[in-house]
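Here's the structure, in structure tokens; my notes come after.
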Amino acid sequence: MRGGDYDAIVVGAGHNGLVTACYLARAGLRVLVLERRYLVGGACVTEETFPGFQVSTAAYVNSLFREEIVRDLRLSGYGFEVLARQPSSFTPFLDGRSLLLGSDAELNRREISKFSARDAERFPSYEAMLDRVAAFVEPTITATPPNVLRPGVRDLWSLLTLGRSFRRLGSAASDAVEILTGSARTLLDRWFESDQLKATLATDAIIGAMASPSMPGTGYVLLHHVMGETGGKRGVWGYVRGGMGGLTRALAGAAGDLGVDIRCDAEVSRILVRAGCVTGVALVSGDEYRAPIVASNADARVTFRRLLDAGELPADFVAAVDRINYESASLKINVALAELPSFRACPGVEPGPQHRGTIHICPDLDYIERAYDDAKYGRPSERPVLECTIPSVVDPTVAPPGRHLMSIFVQYAPYALRESSWDDIGGRFADRCFDLLEEYAPNFRRAVLARQVLTPLDLERTFNLTGGNIFQGAMTPGQLFSFRPVPGYAGYRTPLKGLYLCGAAAHPGGGVMGAPGWNAAREILRTR
């Protein structure tokens with residue numbers, strides 16, 4: 001039985017797990033990373049799904065990954081590069097009009113004015129309001145949340161510091177409360193009158209969530225997606241050169257140079273425990289590795305209910321883990337194209353501004369609400385919300401010459417179906433999405449060379465995401481900050497000595513951020 005001794009073992013080579021491994025190794029620890037799949041990256045990978053196409057299989061754009069980590073680990077030296085998109089957003093409408101948005105204030109004014117002069121005038125103030133609230137929230141992203149059930153001196157000081165920061169918001173405090181607890185629809189209706197603008201902005205509030213824009217908590221999801229930056233500009237999303245795996249390959253390169261041992265095709269079957277302390281892990285193969293520290297990049301359900309025996313954990317903790325909401329309604333389609341889509345609202349198959357950013361297929365807020373109504377009754381949306389990106393327009397390395405690559409992120413595709421199985425209807429639902437896109441771009445279907453459909457079940461099976469939830473747990477107010485993953489254990493530690501969470505199941509949650517892994521490494525080193 002092969003094995004070995006290490007100072008720390010990281011379960012899962014997703015981006016957060018690799019970040020944790022790098023920082024632990026920088027501090028002098030001997031670290032082993034174990035990955036169940038054949039390549040590093042978790043859900044942040046590039047794979048040659050179609051011959052000659054470099055597909056970002058799951059995660060597909062970057063903005064939230066922490067610049068501090070990029071600098072600390074010198075990731076640009078390992079090939080990591082983000083390509084900004086300008087404009088960043090294109091929404092076509094069936095009446096022949098369209099809306100482009102980006103970081104160019106004059107472009108935004110001109111485009112929004114096509115629908116509402118009042119909204120064009122108010123949009124800069126809306127962006128400034130989001131910036132003020134983001135500036136308040138952002139320091140919490142890289143902080144360890146206080147323990148609100150059993151607060152110590154450090155926890156009380158954190159709460160006091162947070163309260164002082166909130167007080168400094170002044171008149172913006174009410175905006176912060178509305179965003180952090182309220183619905184995106186209420187917020188957008190208060191600011192704007194144009195259905196076209198509100199629908200475009202609302203997509204950030206529902207991506208990855210089993211929620212409609214009118215539900216409380218979607219305001220924070222909207223903010224979460226505009227807090228990142230590309231090239232120093234907040235809220236701007238970009239493509240990673242070579243696909244999203246360019247990030248995790250860079251992290252693996254940095255980890256290797258720091259002495260981290262990374263092993264793929266090495267699925268962990270259980271975390272080993274003796275007398276309330278972790279002692280290592282056992283693999284499906286039968287191999288065992290020993291370490292006094294184990295950091296799990298898997299979600300809480302996988303970590304505590306599959307890799308551990310419930311009897312090794314306090315009963316109230318297990319009950320809290322069982323209450324975590326993993327509701328999800330996301331489906332991903334990757335498509336190889338012979339030519340670019342030619343939109344009725346902006347015709348042409350030559351690369352243009354309509355192809356560079358995210359293409360939104362959702363004409364108004366009521367459309368999104370109706371799409372969610374289907375899902376809440378266990379049905380895939382009859383007319384789903386589509387977010388399409390074509391990275392090959394900005395990064396030609398991901399597709400053969402003359403060809404293009406599209407990602408379609410779909411809402412709503414509920415994990416739990418009432419009358420069917422995703423294994424039976426996944427292809428038919430993808431056809432429905434293609435039919436919808438064809439209404440806006442009549443050449444779309446004839447341009448399709450190949451496709452890959454990842455249903456919620458596929459996301460769960462392939463990437464070990466409970467319920468297909470891309471955030472490792474819903475990003476709702478009751479599952480954020482001091483309540484993530486469960487109250488009393490938001491500090492990356494767990495009831496077992498030496499066992500930590502280092503992935504999106506912990507604060508600050510989902511998205512390709514790196515912050516959970518960075519924060520977890522800091523807490524691990526603090527206890528040594």
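The values are calculated or read from the model by the stated rules, or taken from the named source; none is laboratory data. Since this is a predicted model, take the numbers as computed values, not measurements. Every residue, glycine among them, receives a Cβ derived from its backbone with ideal geometry; neighbour counts consider all protein chains shown. These accessible areas exclude ligands, DNA and RNA; they are computed on the full protein's heavy atoms, side chains included. Shrake-Rupley method; radii C 1.70, N 1.55, O 1.52, S 1.80 Å.
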Hey, can you tell me all the residues within segment 410-438 that are surrounded by fewer than 23 Cβ atoms within 10 Å (Cβ to Cβ) and either of a type in the set (Gly, Ala, Ser) or part of a strand (DSSP E or B) (or both)? Ala416, Ser420, Ser421, Gly426, Gly427, Ala430
Residue satisfying condition, being without any contact (Cβ under 8 Å) to a residue 40 or more places away in the chain and basic (Lys, Arg), within set Arg432, Arg522, Arg445: Arg445
Leu94 fails exactly one of (1) open to solvent by 80 Å² or more (accessible area, probe 1.4 Å); (2) farther than 18 Å from Phe343 by Cβ; (3) among the hydrophobic types (A, V, I, L, M, F, W, C), namely (2)
Does segment 135-150 contain at least one residue that is over 24 Å from Phe317 (Cα atoms), open to solvent by 40 Å² or more (accessible area, probe 1.4 Å) and of a type in the set (A, V, I, L, M)? yes
Subset of segment 95-118 [under 16 Å from Asp195 (Cβ atoms), among the charged types (D, E, K, R) and within 30 Å of the chain's Cα centre (by Cα)]: Glu111
When only residues in segment 499-520 that are touching a strand residue (DSSP E or B) at 6+ places or on another chain (Cβ under 7 Å) and open to solvent by 10 Å² or more (accessible area, probe 1.4 Å) count, which is modelled with the lowest pLDDT? Val512
Would you kindly identify the strands (runs of 3 or more DSSP E) lying entirely within segment 269-340 that contain at least 2 residues that are over 20 Å from Leu34 (Cα atoms) and more than 20 Å from the chain's Cα centre (by Cα)? 330-337
Are any residues in segment 377-403 farther than 14 Å from Val55 by Cβ and part of a loop (DSSP other than H, G, I, E, B), and if so, which ones? Tyr377, Gly378, Arg379, Pro380, Ser381, Glu382, Arg383, Pro384, Val394, Pro401, Gly402
Do we have Asp175 as of a type in the set (Asp, Glu) and open to solvent by 30 Å² or more (accessible area, probe 1.4 Å) here? no
Screening Asp204, Asp189 for residues that are modelled with pLDDT of 95 or more, of a type outside the set (A, V, I, L, M) and not in a strand (DSSP E or B) leaves only Asp189
Can you say whether Tyr289 is over 23 Å from Asp7 (Cβ atoms), among the aromatic types (Phe, Trp, Tyr), buried (at least 18 other Cβ atoms within 10 Å of the Cβ) and modelled with pLDDT of 95 or more, as far as the supplied structure shows? no
Between a residue in segment 264-283 that is in contact (Cβ under 8 Å) with a residue 60 or more places away in the chain and at positive phi and any residue that is open to solvent by less than 50 Å² (accessible area, probe 1.4 Å) and among the small types (Gly, Ala, Ser), which pairs come within a Cβ distance under 9 Å, given they are 6 or more apart or on different chains? Gly280/Gly3; Gly280/Ala291
Residue, farthest from Glu387 (Cα to Cα), within segment 50-67, restricted to residues that are open to solvent by 50 Å² or more (accessible area, probe 1.4 Å) and over 17 Å from the mean Cα position of the chain (by Cα): Pro51
Restricting attention to segment 221-255, and to residues there that are of a type in the set (D, E, K, R) and at pLDDT 85 or above, which single residue is most open to solvent (accessible area, probe 1.4 Å)? Arg249
Kindly indicate whether Val33 is in contact (Cβ under 8 Å) with a residue 12 or more places away in the chain, farther than 30 Å from Gly102 by Cα and not in a helix (DSSP H, G or I). yes
Go through segment 7-39 and count every residue that is more than 14 Å from Met513 (Cα to Cα), touching a strand residue (DSSP E or B) at 6+ places or on another chain (Cβ under 8 Å) and not β-branched (Val, Ile, Thr). 14
For segment 210-220, enumerate the residues that are open to solvent by less than 10 Å² (accessible area, probe 1.4 Å) and either β-branched (Val, Ile, Thr) or in a loop (DSSP other than H, G, I, E, B) (or both). Ser212, Pro213, Gly217, Thr218
Selection within segment 144-179 - touching a helix residue (DSSP H, G or I) at 6+ places or on another chain (Cβ under 7 Å) and closer than 20 Å to Trp518 by Cα: Thr144, Pro145, Pro146, Asn147
Here the residues within segment 321-353 that are open to solvent by less than 10 Å² (accessible area, probe 1.4 Å) and under 17 Å from Pro87 (Cβ atoms) are Leu340, Pro341, Phe343, Gly352
Right, Gly42: crowded, with 24+ Cβ neighbours inside 10 Å, touching a residue at least 40 places away in the same chain (Cβ under 8 Å), in contact with a strand residue (DSSP E or B) (Cβ under 6 Å, 6 or more places away or on another chain) and farther than 23 Å from Pro396 by Cα or not? yes
Picked from segment 377-396 (must be over 22 Å from the mean Cα position of the chain (by Cα) and more than 16 Å from Leu437 (Cα to Cα)), the residue least open to solvent (accessible area, probe 1.4 Å) is Gly378
A careful count of residues in segment 97-120 that are open to solvent by 40 Å² or more (accessible area, probe 1.4 Å), among the hydrophobic types (A, V, I, L, M, F, W, C) and within 18 Å of Val226 (Cα to Cα) gives 1
Of the conditions (1) under 17 Å from Ser330 (Cβ atoms); (2) open to solvent by less than 30 Å² (accessible area, probe 1.4 Å); (3) modelled with pLDDT of 95 or more; (4) not charged (D, E, K, R), Met475 satisfies every one except a single condition; which number is it? (3)
